[in-house]
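Enquirer: One structure, pasted below without further comment.
The values are calculated or read from the model by the stated rules, or taken from the named source; none is laboratory data. Note that the coordinates shown come from a computational prediction; the quantities given were computed from them, not determined experimentally. Cβ placement follows ideal geometry from the backbone for every residue including glycine, while neighbour counts extend to all protein chains displayed.
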Amino acid sequence: MKKLLPLQIAVYGVLGILSFIIVFHLLVIVGLIPFDIIWGGNISEKTEMYAMEAISIAVNMVMLFIVSVYSGIIKLNISHKLIIGAVWVMFVFFLLNTLGNLLAKKTIETYIFTPLTCILSIFCYRIAAFDYEQKKSRA
């Protein structure tokens, strides 16, 4: 996997896609994108949309922060094992999200966000698995 998907592409891919997703959710909040195409088409009221979008933006920003720390863009003294553990959690999250997007009521969510979350899960796997491979090669 290391040769098929270089670590730098996985890291910057996650950073780019998460940034895009945050902008997308901000566009939903300001009304430039209709909210009935998100969250599986299950949101019917604006107040519910605001709450869900706030959660989504917060979660995406936390994940953006995690990968930024991993890559060294943000320099903090946080345990590397904790960061790798968080990337593994992100991998599982995106894998489950991919399955959820496949079951969405709105086809736009299925066709646009299923590939994005699938790519994010592959990228997160690559980031987390690379660390494991490096640890094995040092032993």
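Enquirer: Filter region 70-96 down to the residues that are β-branched (Val, Ile, Thr) and closer than 14 Å to residue 128 by Cβ, then identify the one that is surrounded by the most Cβ atoms within 10 Å (Cβ to Cβ).
Expert: Within region 70-96, the first condition is being β-branched (Val, Ile, Thr), and the residues that meet it are 73-74, 78, 83-84, 87, 89, 92.
Going one step further and asking which of them are closer than 14 Å to residue 128 by Cβ, we end up with 83-84, 87, 89, 92.
On the way: 83: 19, 84: 19, 87: 25, 89: 14, 92: 12.
The residue in question is 87.
Enquirer: Let me ask something else. Taking region 53-88, which residues are basic (Lys, Arg) and either at pLDDT 95 or above or not in a helix (DSSP H, G or I) (or both)?
Expert: The answer is 75, and nothing else.
Enquirer: Does residue 72 satisfy the condition of being in contact (Cβ under 8 Å) with a residue 24 or more places away in the chain and at positive phi? Reasoning before the result, please.
Expert: Details: in contact (Cβ under 8 Å) with a residue 24 or more places away in the chain: no; at positive phi: yes.
Against the criterion (in contact (Cβ under 8 Å) with a residue 24 or more places away in the chain and at positive phi), residue 72 does not qualify.
Enquirer: Continuing with this model, one more query. Identify, please: which residue in region 35-53 is of a type outside the set (S, T, N, Q) and out of contact with any helix residue (DSSP H, G or I) (no Cβ under 8 Å at 6 or more places or on another chain) and is, among those, nearest to residue 105 (Cα to Cα)? Reasoning before the result, please.
Expert: Quick first cut of region 35-53, residues of a type outside the set (S, T, N, Q) only: 35-41, 43, 45-46, 48-53.
The next check asks that each one be out of contact with any helix residue (DSSP H, G or I) (no Cβ under 8 Å at 6 or more places or on another chain); those that pass are 36, 45, 48, 51.
Working: 36: 10, 45: 17, 48: 18, 51: 20 Å.
Ranking the qualifying residues of region 35-53, first place goes to 36.
Enquirer: Of the residues 108, 84, only one is farther than 23 Å from residue 5 by Cβ and touching a residue at least 40 places away in the same chain (Cβ under 8 Å); which? Let's see the steps before the verdict.
Expert: Numbers: 84 fails: farther than 23 Å from residue 5 by Cβ.
From the options 108, 84, the qualifying one is 108.
Enquirer: For region 1-44, how many residues are over 18 Å from the mean Cα position of the chain (by Cα) and among the small types (Gly, Ala, Ser)?
Expert: 3
Enquirer: Something else: Please enumerate the residues belonging to region 26-53 that are in contact (Cβ under 8 Å) with a residue 24 or more places away in the chain, under 30 Å from residue 70 (Cβ atoms) and either β-branched (Val, Ile, Thr) or surrounded by 19 or more Cβ atoms within 10 Å (Cβ to Cβ) (or both).
Expert: 28, 29, 38, 53
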